[in-house]
Amino acid sequence: MNLIFRNGSINDLEKLKKLSLKSWGQFQSQLTPENWERLYESLSNENTYIELLKNSTCFVCKSSNDEIIGMVFLVPKGNPTEIYEETWCYIRFLTVDPHYGGNGIGRKLTQLCIDMALQNNETEMALHTSEMMDAARFIYESIGFKIFREIDSRLGKRYWLYKLDLLSLKRPSLS
């Protein structure tokens, strides 16, 4: 399989939206109709992606037929939310087309974020994920992310905040 990883841009907006709806649609049966509607509205809203594209670095994975089959956003420190502290960078919306799961796309997108964060001298990286995301949690934990704390439930599901100490990943200089 010929996969191409590159930076995403505003020109990818419709493809990012399409990927999100396809990927997150697999969880519809695990949510109440009300919670699915809330998630669907967020995923369908162009402003969700426009804001992320303005305030973060987007990485995408394209298949050989030019379809975006994976995406992630790395938000730099200085963008606190009710979940994330100001000194943390964080990963948002790691999404992989379910038909391409198991091909290392999620792991590669996560590693691209880690590499960019290290390049930008970030010290701590965070993300949040839910009980629905077994495959994602496995990837994050295998890379070294640790549960920092459980956060308020969202969409009727349990969620955890994970952190990765980026300073522990920096290799000592040989000079």
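The values are calculated or read from the model by the stated rules, or taken from the named source; none is laboratory data. None of the values given here were measured: they were computed from a predicted structure. Cβ placement follows ideal geometry from the backbone for every residue including glycine, while neighbour counts extend to all protein chains displayed. Protein only, heavy atoms only, side chains kept; ligands, DNA and RNA dropped before computing areas. Shrake-Rupley method; radii C 1.70, N 1.55, O 1.52, S 1.80 Å.
Could you work out what % of the accessible surface of the chain is carbon and sulfur, using a 1.4 angstrom probe and leaving DNA, RNA and ligands out of the count? Percent of accessible area from carbon and sulfur atoms in the chain: 48. Once the Kirkwood radius over Cα pairs is known for region 1-96, the Stokes-Einstein relation at 37 °C and 0.692 mPa s delivers a diffusion coefficient of 231 µm²/s. Within straight-line reach of LYS146, meaning a Cα separation under 16 Å, sit the following lysines at least 8 residues removed in sequence or on another chain: LYS163.
Using only Cα coordinates, the Kirkwood hydrodynamic radius of the chain works out to 16.7 Å.
If you take the Cα centroid of region 86-115 and the Cα centroid of region 24-81, the two points sit 11 Å apart. Using a Cα-Cα cut-off of under 20 Å, which aspartates and glutamates could be cross-linked to LYS108, ignoring same-chain neighbours fewer than 8 residues away? Correct list for LYS108: ASP12, ASP66, GLU67, ASP97, GLU122, GLU124, ASP134, GLU141, ASP165.
Toward the positive end of the charge dipole of the chain, with +1 on the Cβ of Lys and Arg and -1 on the Cβ of Asp and Glu, the farthest Cα among ILE143, HIS128, SER153 is that of ILE143. A 1.4 Å probe run over the protein chains yields, for the chain, 54 Å² of accessible area per residue, whole-number rounding. Packing around the peptides 23-34, 134-145, taken as the average count of other Cβ atoms within 10 Å per residue, puts them in this order, highest first: 134-145, 23-34.
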